[in-house]
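The values are calculated or read from the model by the stated rules, or taken from the named source; none is laboratory data. Bear in mind that the values here come from a model prediction, so they are computed numbers and not experimental data. With ideal geometry, Cβ positions are generated from the backbone for all residues, glycine too; neighbour counts draw on all protein chains shown.
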Amino acid sequence: MQRLDHMKESASQTAGPYVHIGLAPSRAGFDVYAQELGLDITGPEAPGERIRVEGMVFDGTGTSIRDVLIETWQADAAGIHPHPEDPRAAQVAPGFRGWGRVVPDFATGLWSFDTIKPGVVAGWGGRPQAPHISFWLVARGINIGLQTRLYFADEAEANAADPVLNLVEQVHRRATLIAAREEREGLPVYRFDIRLQGDGETVFLDV
Amino acid sequence: MTLPEYFQRDRTWQPPAFTPDYKTSVLRSPRLPLLSLHGTLSEMTGPTFGHGDIGPFDNDLLRNFAQTGEPIGERIIVHGRVLDENGRGVPHTLVEVWQANAGGRYRHKTDMYLAPLDPNFGGCGRTVTDAEGAFAFRTIKPGAYPWRNWINSWRPAHIHVSVMGSGFCQRLITQMYFEGDPLIPRCPIVATIPDPRAVEQLTAVLDMNEGRALDCLAYKFDIVLRGRRSTFFENRPEGN
């Protein structure tokens, strides 16, 4: 019999408590790079609704995790990613990066980032996916990065038809992926708490 | 247009979330199963980086923070390639590293270990792979250090490595260990990995050929990200 010559993916290891040194050194308490990456998701010119997203990440006892590091990835307001494999990449909004690195306040665990609300992205077989932001979480105690998605509460109709949300068999758990909206001094703010374990455990994805 | 799908992640090869001997994982591990799904454009795309994003010396940890002289410790080059499971180099992808200094102390406001900081060592670096997926860093070999797990747990010398990949679903953070370190088989974090071959894959090998005479040693460390299927036939995922 012949042998397959596929290699194996390198095993993940926890990012540990000092992940900020590598990925956000100014938050570790020192400056080394001329520019830190992932601080500006949209650039100043990208069209779309400017929003803030904030939340906390909780462990199985309900304690906020203050040493988490989150990365986010999203399309622009027209649903286009700045990536060569997006068929519409040439039309992506000017200056739009789509990617952010988010670190909570070390005292409280509250994190936030500013972006624009993404548009609809084609899913399987061209079926539209409701607007969403992909999240990837690492921290001490997390052996392999956890992926999930944020959906928007004011997109109820699109969310009801979203092919990924509809794969969550326990219907009440879909709510763990939907961020509530409020207005704060004219700025739309979405609240997205992530529960790693226990009551209201967030749906995590293996994609 | 149909994009080639990524190979599924082998969850029996990767560490599970719940690994009680690594105590911090106990309360930070989901108890409910992950929802497995085919990637969509949202996961098959991901951030891209160019040389404009990073500085020319960002991959030289001997120099990128030095104030008054050279950092203390064993000088090394770490070089390797980022590959996918098909053995193809992953070009132009961001690789970031961070580590403790030669005494095992991190430059982080929450690290209280008694070993001293090195005024000439920051402990982080970054680079973008070349067209063949190759990368290199210059640094000092990090020291082992104790941590609170059991009363006297020690981490083997290691360098944290973050690789962006071409798509968001390839995103990976891991740790590079050093050939011959007796702390590797004693480490509860290493032991989260179920298969000893996967630990070997994270153990960098001494590479005398790439060392610099009268200057530094070298270690080779390749990193493998998820591969992608060939597009012999188009797929018809569910709902189609």
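Residues that are crowded, with 17+ Cβ neighbours inside 10 Å and outside any loop (DSSP other than H, G, I, E, B) within segment B:23-47 comprise B:Thr24, B:Ser25, B:Leu35, B:Leu41, B:Ser42, B:Glu43, B:Met44, listed in sequence order. The single condition from (1) modelled with pLDDT of 95 or more; (2) surrounded by fewer than 20 Cβ atoms within 10 Å (Cβ to Cβ); (3) farther than 30 Å from B:Thr12 by Cα that A:Gly29 fails is (1). Against the condition more than 7 Å from chain B (Cβ to nearest Cβ), basic (Lys, Arg), in contact with a helix residue (DSSP H, G or I) (Cβ under 6 Å, 6 or more places away or on another chain) and surrounded by fewer than 20 Cβ atoms within 10 Å (Cβ to Cβ), how does A:Arg52 come out, does it pass? No: the conditions fail for A:Arg52. For B:Leu62, indicate whether it is free of Cβ contacts under 8 Å to residues at least 40 places away in the same chain and in a loop (DSSP other than H, G, I, E, B). The answer is no for B:Leu62. When the strands (runs of 3 or more DSSP E) confined to segment A:59-141 are screened for residues that are buried (at least 22 other Cβ atoms within 10 Å of the Cβ), those reaching at least 3 such residues are found at A:69-73, A:132-138.
Out of B:Ile173, B:Ile159, one residue alone is at pLDDT 95 or above and either within 20 Å of A:Leu146 (Cβ to Cβ) or away from every other protein chain (no Cβ under 11 Å) (or both). It is B:Ile173. Beta carbons closer than 8 Å, at least 6 apart along the sequence or on distinct chains, pair a first residue in segment B:200-222 that is within 14 Å of chain A (Cβ to nearest Cβ) with a second that is part of a strand (DSSP E or B) and among the polar types (S, T, N, Q) for B:Leu202/B:Thr174; B:Leu202/B:Gln175. Would you please name the residue that is surrounded by the fewest Cβ atoms within 10 Å (Cβ to Cβ), looking only at residues in segment B:121-136 that are touching a Lys or Arg at 6+ places or on another chain (Cβ under 9 Å) and within 12 Å of chain A (Cβ to nearest Cβ)? My answer is B:Gly122.
In summary, B:Met112 fulfils each of the numbered conditions (1) modelled with pLDDT of 95 or more; (2) surrounded by fewer than 18 Cβ atoms within 10 Å (Cβ to Cβ) with the single exception of condition (1). The set of residues in segment A:153-188 being crowded, with 17+ Cβ neighbours inside 10 Å and either in a strand (DSSP E or B) or in contact (Cβ under 8 Å) with a residue 60 or more places away in the chain (or both) consists of A:Ile178, A:Ala179. Looking at segment B:143-221, the strands (runs of 3 or more DSSP E) lying wholly inside it that each contain 3 or more residues that are surrounded by 20 or more Cβ atoms within 10 Å (Cβ to Cβ) sit at B:158-163, B:172-178.
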